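Right, one structure below, let's go through it.
The values are calculated or read from the model by the stated rules, or taken from the named source; none is laboratory data. Computed from a predicted structure; not experimentally measured. Cβ placement follows ideal geometry from the backbone for every residue including glycine, while neighbour counts extend to all protein chains displayed.
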């Protein structure tokens with residue numbers, strides 16, 4: 001059996017927030033720290049995915065650097081994991097095209113995220129937005145990923161990657177691609193908006209008060225929790241009694257996630273108390289959790305040349321890892337690459 005190889009990416013589309021940290025980045029760090037002997041982790045900034053919609057090139061370049069710094073500040077170690085931005089590796093786009101010729105329109109038509117992202121203007125959406133799940137497949141198949149950490153909203157995309165890999169292998173009678181397994185964490189919390197407990201915390205929400213950014217200072221964090229939407233009743237002693245209270249449930253789960261505990265543990269301490277007590281406690285816990293990340297991020301951003309160097313080094317290692325797979329795909333297709 002091949003050594004474990006984890007591959008995952010994130011779009012550089014603005015400040016990372018608490019939901020990104022608890023749902024993905026902290027998990028990436030823990031996977032990096034728990035790699036078995038011979039295992040490896042590849043984490044990338046998906047800047048090729050970012051251009052599927054209208055974007056400002058200057059802002060995109062800055063966002064790539066800032067997000068790389070944020071990942072490092074949060075604990076991704078570029079000497080232990082391969083950290084890079086996707087656009088530095090032409091093999092992603094090359095394999096994406098090869099796999100476009102294996103993927104089927106019917107498969108892509110069933111992808112729910114295109115319908116959500118294109119909205120009512122499906123005819124006006126870019127071809128890239130429609131076909132980006134194939135590029136996502138290339139992102140992981142290129143490195144012979146054995147495992148891909150996914151949330152519930154990404155499971156369909158990994159299933160597509162497996163379908164594409166299986167069809168390609170079957171069509172040409174060659175085991176060119178590893179079929180990656182999903183790593184679905186039961187612990188990763190689904191962090192919701194501070195303004196609407198039924199909506200995910202999101203970078204795209206027009207209200208900055210809906211999220212805690214990893215770059216927010218302590219005063220901003222305290223204010224956001226102070227103004228977070230809640231209801232009137234005090235906290236109960238049983239998590240089941242929060243099912244019809246989405247905002248209260250979100251804050252309790254957030255507290256539990258930050259201290260690696262459970263909602264039951266949190267309620268055992270705060271049952272019977274109101275949000276006038278709970279919100280300041282949650283704000284303080286958040287501030288202390290993010291304080292070292294924010295301090296390290298400020299140091300990193302003061303030396304952009306070093307961030308660029310780290311990304312170049314990561315790209316060199318990633319390109320070397322990708323080369324055998326891309327060469328093999330060209331070969332079995334009967335194409336001469338050079």
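Check region 299-310 and report whether any residue there is part of a helix (DSSP H, G or I), in contact with a strand residue (DSSP E or B) (Cβ under 6 Å, 6 or more places away or on another chain) and within 15 Å of residue 73 (Cα to Cα).
Checked region 299-310: no residue is part of a helix (DSSP H, G or I), in contact with a strand residue (DSSP E or B) (Cβ under 6 Å, 6 or more places away or on another chain) and within 15 Å of residue 73 (Cα to Cα).
Out of the residues in region 1-19 that are touching a strand residue (DSSP E or B) at 6+ places or on another chain (Cβ under 7 Å) and not in a loop (DSSP other than H, G, I, E, B), state the one that is farthest from residue 56 (Cα to Cα).
5
Before we move on, is residue 314 at pLDDT 95 or above and over 22 Å from the mean Cα position of the chain (by Cα)?
no
Tell me which of these residue 152 doesn't satisfy, since it passes every other one: (1) surrounded by 14 or more Cβ atoms within 10 Å (Cβ to Cβ); (2) under 30 Å from residue 2 (Cβ atoms); (3) in contact (Cβ under 8 Å) with a residue 24 or more places away in the chain.
(1)
Among (1) over 23 Å from residue 64 (Cα atoms); (2) in contact with a strand residue (DSSP E or B) (Cβ under 9 Å, 6 or more places away or on another chain), which single condition is residue 121 missing?
Unmet condition: (2).
Residue by residue through region 317-334, note down the ones that are out of contact with any strand residue (DSSP E or B) (no Cβ under 9 Å at 6 or more places or on another chain) and either modelled with pLDDT under 95 or part of a helix (DSSP H, G or I) (or both).
320, 322, 323, 324, 325, 326, 327, 328, 329, 330, 331, 332
Can you name the residue in region 270-293 that is within 19 Å of residue 237 (Cβ to Cβ) and in a helix (DSSP H, G or I) and, of all such residues, is nearest to the chain's Cα centre (by Cα)?
282
Checking the conditions here, which among 265, 237, 313 is over 20 Å from residue 26 (Cα atoms) and not in a helix (DSSP H, G or I)?
237
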